[in-house]
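Data first, discussion second: the structure below is written as structure tokens.
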Amino acid sequence: MKFYIIRTFYILLLVPTLCYAQDKTSDELFSEARIFAFDSVDYVKSRELCDKALQQAPEYFDVLIFKARTYSWEKKYEEARQILQKVIEDSPSEKDAYLALLDVELWTNNFNEVIKLSDQALNYFAKNTEILIRKVKALHRLGENKEALKLVEQILEIESGDKEA
């Protein structure tokens, strides 16, 4: 009898918790995914929560980009690339997807790809210093210092207070 009472008690506690977990919005799931990634450094759990959020909102680009970044933080660059390229294909004006993909290409020393992708992104975001800075880094690593310096001067004109420039 005692077993049944304890079991019933646990069921009464567990069922509302399970129901609550299923009722979370994609925003709440995304928020939890960020917590798991940043606080617990549990990228697998973070991506699981991203996947649940994406089941509710398949074109939630912020979630897709974040999921890709978790792959890149684990040096799983090809997985990150695939997601980010798809986001850019689906929404070519998604700046954060470009920035994340530029980071992947920088981290993998694909400097020519960084320049190509930067030029593509600059068609949408002509004076975006974050994109320009990534292009400068690639140019510098390729030994194109004169062109890199011209871009630094352009960045300084756009944002005289930019610390990275």
Practice prompt. Answer with yes or no whether Ile11 is in a helix (DSSP H, G or I), at pLDDT below 95 and of a type in the set (Val, Ile, Thr).
Written response: yes
Response to the item:
Checked segment 60-94 for anything more than 19 Å from Phe36 (Cα to Cα), of a type in the set (S, T, N, Q) and assigned to a helix (DSSP H, G or I); matches are Gln82, Gln85
Item to complete: Take segment 109-160 and flag every residue that is outside any helix (DSSP H, G or I) and without any contact (Cβ under 8 Å) to a residue 24 or more places away in the chain.
Response: Asn110, Asn123, Ala126, Gly143, Glu144, Ser160
Discussion item. With under 22 Å from Val41 (Cβ atoms) and of a type in the set (Lys, Arg) as the only criterion, which of Lys76, Lys127, Lys135 stands out?
Written reply: Lys76
Worksheet entry | Unique residue being under 21 Å from Glu159 (Cβ atoms), at pLDDT 95 or above and touching a helix residue (DSSP H, G or I) at 6+ places or on another chain (Cβ under 7 Å) when the list is Glu105, Glu147, Glu113 | Glu147
Item to complete: Count, please, the residues in segment 48-98 that happen to be buried (at least 21 other Cβ atoms within 10 Å of the Cβ) and farther than 23 Å from Glu130 by Cα.
Response: 3
Worksheet item: Which residue out of Ser93, Ser160, Ser118 is more than 22 Å from Asp42 (Cα to Cα), among the hydroxyl-bearing types (Ser, Thr, Tyr) and over 19 Å from the mean Cα position of the chain (by Cα)?
Response: Ser160
Worksheet entry | Subset of segment 26-59 (residues that are outside any helix (DSSP H, G or I) and touching a residue at least 24 places away in the same chain (Cβ under 8 Å)) | Ala57, Glu59
Discussion item. Could you check segment 63-91 and list, in sequence order, the residues that are free of Cβ contacts under 8 Å to residues at least 24 places away in the same chain and among the polar types (S, T, N, Q)?
Written reply: Gln82, Gln85
Response to the item:
Of those in segment 154-165 that are of a type outside the set (Val, Ile, Thr) and closer than 13 Å to Lys135 by Cβ, the residue modelled with the lowest pLDDT is Ala165
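The values are calculated or read from the model by the stated rules, or taken from the named source; none is laboratory data. Everything numeric in this text was worked out from a predicted model, so none of it was measured. Note that each Cβ is placed from the backbone with ideal geometry, even for glycine, and that neighbours are counted across all protein chains shown.
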